[in-house]
Amino acid sequence: MKLKDILKVKGSKVWTVKTNQPVREALKILVDQKIGALLVLDEKERIVGIVSERDIVRGCHQNLKTLDAMPVSQLMTKEIVIGSPEDETSYIMGVITHKRVRHIPVVSEGRLQGIVSIGDVVKSVIEDSQYEIHYLKEYISGSGQSQ
């Protein structure tokens, strides 16, 4: 399965914030939309970072008094791992593990196509495995053979 297959099921809606938006606004979007991360865009709509629940929790620990007015750009992760719609989920699982990230924006020809989380990737791998197991059982038992 490829990332484009996950996005077909999940959809391509991506929630974003601007670099100068207060962390409070980012937190509200995360809570209201029940999501774990927001892509951070500059004034030209380019991806310049990602801010996650974990980034905000770390910010709370370090700067609780000033966090309310702090711009997202001070908390965001600037080194973003980007995926392609053609990337295989097995490859992305390795990237997620090696780079220790939980969200991967999917970009094609410079355009944002969507975002996948570690949960989306694991879910697709499990579904693929269940599908494969089902048909292997049918094949072994003979019920899946054509006459």
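Annotations for the structure displayed:
- Based on alpha carbons, the Rg and Dmax found for the range 1-81 are 13.4, 45 Å.
- Other-chain or far-sequence residues with amide H under 5 Å of Lys18's (modelled H): Leu41
- Summed side-chain charge close to Ile6 - residues other than Ile6 whose Cβ falls under 15 Å, Lys, Arg +1, Asp, Glu -1: 0
- Both radii are taken from the alpha-carbon atoms of the chain; with Rh as the Kirkwood radius, Rg/Rh is 1.12.
- Here the convex hull built on the C-alpha positions of the range 57-127 has a volume of 120 cubic angstrom per residue.
- GNM result for the chain, Cα springs below 10 Å: residue of Asp128, Asp87, Asp42 fluctuating most strongly: Asp128
- Computed about its Cα centre, the charge dipole of the range 3-141 is approximately 520 debye, with only Lys, Arg, Asp and Glu carrying charge at their Cβ.
- Value at 222 nm in deg cm²/dmol, rounded to 500, when DSSP H runs of n ≥ 4 in the chain each add -39,500 (n - 2.57): -14000 deg cm²/dmol
- Distant-in-sequence amide H partners of Ser108 (H built 1.01 Å from N, under 5 Å): Gln113
- Among Ile50, Ile29, sorting on how many other beta-carbon atoms sit within 10 Å of each Cβ, with the fewest leading, yields Ile29, Ile50.
- Full-stretch length increase - Glu88, Ile126 - with 0.36 nm per residue and alpha-carbon distance subtracted: 12.3 nm
- For Asp87, residues with placed amide H under 5 Å, excluding near neighbours: Leu3, Lys4
- Rounded to whole Å, the principal axis extents of the Cα atoms in the range 60-100 read 43, 18, 12, largest first.
- Among the listed pairs Lys18/Lys44; Lys34/Lys78; Lys44/Lys78; Lys10/Lys34; Lys10/Lys123, a Cα-Cα separation exceeding 19 Å is found for Lys34/Lys78.
All of the numbers you see were taken from the coordinates with simple rules; none came from a lab. What you see is a predicted model, and the numbers here were worked out from it, not measured in a lab. Glycine also receives a Cβ, built like all others from the backbone with ideal geometry; neighbour counts cover every protein chain displayed.
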